[in-house]
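Report on the structure given below.
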Amino acid sequence: MIEVLISSEQIKERVKQMGKEITEYYKDKTDTIHAVCVLKGSIHFFSDLVQNIDLNVEYSFIQVASYSGVSSTGRIRVKSWIDEPIENKYVIVVEDILDTGLTLSYILDYLRRYRPADLKVVTLLKKLGRNSQVTPDFVGFEIEDKFVIGYGLDYNEKYRNLPYVGWVKGNG
């Protein structure tokens, strides 16, 4: 049985606030930011977020994988990478969930090679009680250390299309 952790309405309201926070942060620095969506899990969050940012937003997409089932494999596989130049651009990396930060740390190290003017991390969810290798700049919700699904997050490619974030009761 799936239990709702964060409702669709809560997500919608918080994403709208995050869009305002990001707009406020960048408005005196630039009129254009470059948003990098970490696929597949961030797709819904990314799509909703960029619509709430009151700046010009360029898009890039990257796809990496480090999970199999409910646990991280510790190995990062890059499936696709950005295809737009980001040198001297204001870049935000949009992630669905921050757990260990291993994958995100890899992504950030790689993006820094392209010398962006600014590189920030936006995450919908940050797990509490985890020592992440990355400190996010914008956080939607802090959650307990549970395996969550929905709103882009999956379990073996299932449940991504749920309009809320939930967890499977009995699975922590």
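The values are calculated or read from the model by the stated rules, or taken from the named source; none is laboratory data. Just so you know, these numbers come straight off a predicted model, no measurement behind them. Cβ sites come from the backbone with ideal geometry, for glycine too, and all protein chains shown count toward neighbours.
Key figures
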quantity: Of residues in segment 5-30 being touching a helix residue (DSSP H, G or I) at 6+ places or on another chain (Cβ under 9 Å) and in contact (Cβ under 8 Å) with a residue 40 or more places away in the chain, the one surrounded by the most Cβ atoms within 10 Å (Cβ to Cβ); calculated: Ile22
quantity: Asp48 in contact (Cβ under 8 Å) with a residue 12 or more places away in the chain and part of a helix (DSSP H, G or I); calculated: yes
quantity: Residue that is nearest to Val93 (Cα to Cα), among those in segment 31-50 that are exposed (fewer than 15 other Cβ atoms within 10 Å of the Cβ) and over 15 Å from the mean Cα position of the chain (by Cα); calculated: Thr32
quantity: For Ile86: the one exception among (1) within 19 Å of Val134 (Cα to Cα); (2) buried (at least 18 other Cβ atoms within 10 Å of the Cβ); (3) of a type in the set (A, V, I, L, M, F, W, C); calculated: (1)
quantity: Residue in segment 12-21 that is more than 25 Å from Gly166 (Cα to Cα), touching an Asp or Glu at 6+ places or on another chain (Cβ under 9 Å) and modelled with pLDDT of 95 or more present; calculated: yes
quantity: Qualifying residue in segment 10-28 (condition: among the β-branched types (Val, Ile, Thr) and not in a helix (DSSP H, G or I)); calculated: no
quantity: Test: residue in segment 52-63 that is surrounded by fewer than 12 Cβ atoms within 10 Å (Cβ to Cβ) and at pLDDT 95 or above; calculated: yes
quantity: Segment 151-168 - residue that is under 21 Å from Arg130 (Cα atoms) and out of contact with any helix residue (DSSP H, G or I) (no Cβ under 8 Å at 6 or more places or on another chain) and, of those, modelled with the lowest pLDDT; calculated: Val168
quantity: 1 or more residues over 23 Å from Asp48 (Cβ atoms): qualifying strands (runs of 3 or more DSSP E) within segment 71-172; calculated: 71-80, 165-168
quantity: Residues located in segment 87-107, provided they are more than 10 Å from the chain's Cα centre (by Cα) and modelled with pLDDT of 95 or more; calculated: Glu87, Asn88, Lys89, Tyr90, Val91
quantity: Check on Asp145, over 25 Å from Thr32 (Cα atoms), loosely packed, with under 14 Cβ neighbours inside 10 Å and either among the aliphatic types (A, V, I, L, M) or out of contact with any Cys (no Cβ under 9 Å at 6 or more places or on another chain) (or both); calculated: yes
quantity: Qualifying residue in segment 97-115 (condition: at positive phi and of a type outside the set (D, E, K, R)); calculated: yes
quantity: From the options Leu111, Leu153, Leu128, residue that is under 12 Å from the mean Cα position of the chain (by Cα) and either surrounded by 17 or more Cβ atoms within 10 Å (Cβ to Cβ) or of a type outside the set (Phe, Trp, Tyr) (or both); calculated: Leu153
